[in-house]
Amino acid sequence: MSERPPISPRSPRAALEPEQVPPPPRRSDRARNPFVVVGNAVITLLILLMIGAGAAYYYGRQTLEASGPLEDDKIVNIPQRAGKRDIADILQREGVIDVNPWVFIGSVFAMKASSDLKPGEYSFQKNASLRDVIGTIVEGKVVQHAVTVPEGLTSEQIVARLSDNDIFTGSVREIPREGTLLPETYKFPRGTTREQVIQRMQQTQKRVLAEIWERRNPDIPVRTPEQLVTLASIVEKETGRADERSRVSAVFVNRLRQKIKLQSDPTIIYGLVGGKGTLGRPIKRSEITQPSPYNTYVIDGLPPGPIANPGRASLEAAANPARTRDLFFVADGSGGHTFTETYDQHQKNVAKLRSLEKQIQNDTVEPADDPPPPAASTPADTNPTATTPPKPPANSRKPTRPARQGAAQSTTSPPVVER
């Protein structure tokens, strides 16, 4: 039998006292080494930084990718020299973003776009995320405004239109030469200078003219691209109907071949008012024979330069006119023209137009309730000309005028309203 250790009797008070815990073992000299202590601190700090970076990455990604507050697409203008804080304030004010400006700035730095934010007018999509918003500004996807320049305007008229458009800046130093601008629909961002617009229109005109000149009918009596523009400008001013351009061009080409004066009314007007473009009244009879370098009732062949800026379709029509023998055309009263080869048939068409004008005038005159008797001192017109419309009564409405007659009307003086 094994012997049990002797039991030491303890007093009740001693039994209630806790036993002493032995002291912890002393740290080794290695654990107390300063390098070990510093190393442990560094590792702990790195772990904390990694945890913080992970949390920041998760929060930042959620912030960048979350849908934005925009309920509909919206255009916002970022002005020149706007800083990152300014941009953040603008976007927040316009409801494009709903984050703190400093979060926006931090996101810009996170996307390495600090120096790539560009001013301009931007269109932000519905619910665009912060990443999309910053990406749009960085890529410079500015809004492009469509600007349509109508065909047939003079350079002075085009410059006036550009001056009235508030999306452009600056001024035009000099009116461009007539016929050097191509009327078309262009797209420009807000803030484009007017000089840049003019330069783009001129460059486009040169390119288009060169292409059309290469495809021209070699038989047309036009020797240079500049003459082609001049012919096209007359065609442009004579008709606005696409189906008539090549036929109107053929009339003038046939007249050039046969050395017949072109007799185009718009050339009279341009000789009178130049780049202003419009006369504002009918041509006077005396102005038909008034000498002018542009008046094709007086000069032979083409005028010295364009009378407007023709569009692409009129340039094409001038370069490739219809194959006809027409020498005359006159308005048909419905917005188009009637074309003929002979003067006699042309005169009949003119008579039809005069009859239509008279009918329209009669239809628009309201009979007076009690017409006054004619004044005894006013003699009746016993010899009215075919070109002078009858005067309506004093209480009549102004008659509606039909479409203006075509320019190449006859080899004699055309019908005009004499003032």
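In which sequence would I51, I105 go, from the one with the fewest C-beta neighbours within 10 Å to the one with the most?
Ascending number of Cβ neighbours within 10 Å: I51, I105.
For segment 144-211, what relative contact order do you get, as a whole percent, if you take Cα pairs closer than 8 Å and at least 6 residues apart?
Value for segment 144-211: 41 percent.
Which of the residue pairs K187/K261; K74/K206; K261/K348; K284/K352; K276/K348; K206/K237 have a Cα-Cα distance greater than 29 Å in the structure shown?
Check vs 29 Å cut-off fails for K187/K261; K74/K206; K276/K348.
Taking amide H positions as placed in the peptide plane 1.01 Å from N, state which residues far from I78 in sequence (5 or more) or on other chains have amide H under 5 Å from it.
Amide H neighbours of I78: G120, E121, Y122.
Give a residue-ordered list of calculated ³J(HN,Hα) values for segment 204-214 (Karplus: 6.51 cos²θ - 1.76 cosθ + 1.60, θ = phi - 60°; whole Hz; x for Gly, Pro).
So the Karplus estimates, Gly and Pro as x, are 5, 5, 4, 5, 5, 4, 5, 5, 5, 4, 5 Hz.
Would you mind ranking R85, R312 so that the residue whose beta carbon has the fewest other beta carbons within 10 Å leads the list? Intermediate results must be reported in sequence, preceding the final value.
Values: R85 12, R312 18.
By the 10 Å Cβ count, ascending, the order reads R85, R312.
For M50, M111, M201, which order do you get if you count the other beta carbons within 10 Å of each Cβ and list the fewest first? Don't jump to the answer; show the numbers that get you there.
Working: M50 10, M111 15, M201 22.
Lowest to highest Cβ neighbour count: M50, M111, M201.
No value in this document is a laboratory result; all are computed from the given coordinates. Fair warning: this is a prediction, and the values are worked out from it, not measured in the lab. Cβ coordinates were reconstructed from backbone atoms using ideal geometry, including for glycine residues, and neighbour counts include every protein chain displayed.
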